[in-house]
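Have a look at the structure below before the remarks.
All of the numbers you see were taken from the coordinates with simple rules; none came from a lab. The shown structure was predicted, so the numbers you read here are calculated from the model rather than taken from an experiment. With ideal geometry, Cβ positions are generated from the backbone for all residues, glycine too; neighbour counts draw on all protein chains shown.
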Amino acid sequence: MSHHVHFEHSLWQFPVLLTLTLFLAASLYFRGWIHLRAPSAGAIPAWRAGSFFLGLFLVWTAEGSPLAAYDHNLLTAHMIKHLLLMTFAPAFLLMGEPLRVLFCETSPFPQSRYPREFTRPPVQWFARILTRPAVCWIVSALTLVGWHIPALFTLCVGSTTWHTLEQAMFFGAGLLFWWPVIPPWPSTSTGPRWSMLLYLFLATLPCDILSGFLAFSDRVAYPVYLSTPRLFGLSVLEDQQCAAALMWTCVTFVYLVPAAIISSKLLTPRTLHEHDLQQSHFSGRQVSQNAPRSLEVV
């Protein structure tokens, strides 16, 4: 292990406050999840609870693990943190139905359907505006591109306050981006489900443009890395290309997963109905066009 790697490890300290905060969130969620497992309540599957805990762990990995010590020395480490905070962790957290579980744990009236605060017209109006797919896409795209402008990027490297704001905006933009795709309780999907395929496709464009620029550029995009210790034998330009390739491949494959799930749910009812029609043709039976389908789109 090189001298610089030893130096970076010496900078890392165990994040007590962050760890306690995430542990408290995990404890509240676990208690609420146990309460919802009662026969009279709508139980949340164990895999959703596991998704929430995994999301918390990914947040800790990005902000509290030794990975954070390499952020200002390697663009690849910065890109890993960006992917964890904006792409992976928010998706897993939303799959865990956190609002439903945490409200059940903290509400004195668990039998009520919605929190009182959620039913106020100003709150509902603001939530509808904020969680519109167009707004979510714009916010996530501007956050991604804006914080990778060289001037702002350099500002974050030299300032703890700006760096914290950047990470918080990455995480918040990630939650907004995944909200239309994985609408958590009590929100519901209002538009046609097929529109999420277009939404996910358009979401790849800002990532493709940024990663393509970083990958194929023969110039260093962020000169601030020229003055930092080089780690793992990577030059600044090689580090830049590695970060771009990581972003390009991860985002492409991650967005393909929900797109494939949505497509299968959209196509399955039609496929099953056509199968029923074929079976009725061979057996001589007539199947009504209004006959119930074997599987409903969730």
Integer Hz, Karplus 6.51/-1.76/1.60 couplings in order for the range 209-217, x for Gly and Pro: 5, 5, 5, x, 4, 5, 6, 9, 6
So, in nm, how far is label LEU205 from label LEU18 when the simple model puts each one 7 Å beyond its Cα toward the Cβ? 3.4
Please compute the length gained on full extension between PHE30 and TRP162, using 0.36 nm multiplied by the number of residues separating them and subtracting their Cα-Cα distance. 44.2 nm
In Hz, Karplus ³J(HN,Hα) per residue of the range 232-245 (6.51, -1.76, 1.60; θ = phi - 60°; x = Gly, Pro): 6, x, 8, 6, 5, 5, 5, 4, 5, 5, 5, 4, 5, 5
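Of the peptides 238-245, 88-95, how do they stack up when ordered by the mean number of other Cβ atoms within 10 Å, highest first?
Numbers: 238-245: 20.1, 88-95: 22.9.
Averaged packing, sorted descending, gives the order 88-95, 238-245.
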Ordered by fewest other Cβ atoms within 10 Å, a rough proxy for footprinting exposure, ASP71, ASP208, ASP218 read ASP218, ASP208, ASP71
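Working out 0.36 nm times the residue gap between ARG193 and VAL257, then minus their Cα-Cα distance, what length gain in nm do you get to one decimal? Walk me through the numbers on the way to the answer.
On the way: separation 64, 0.36 × 64 = 23.04 nm, distance 1.51 nm.
That works out to 21.5 nm of additional length.
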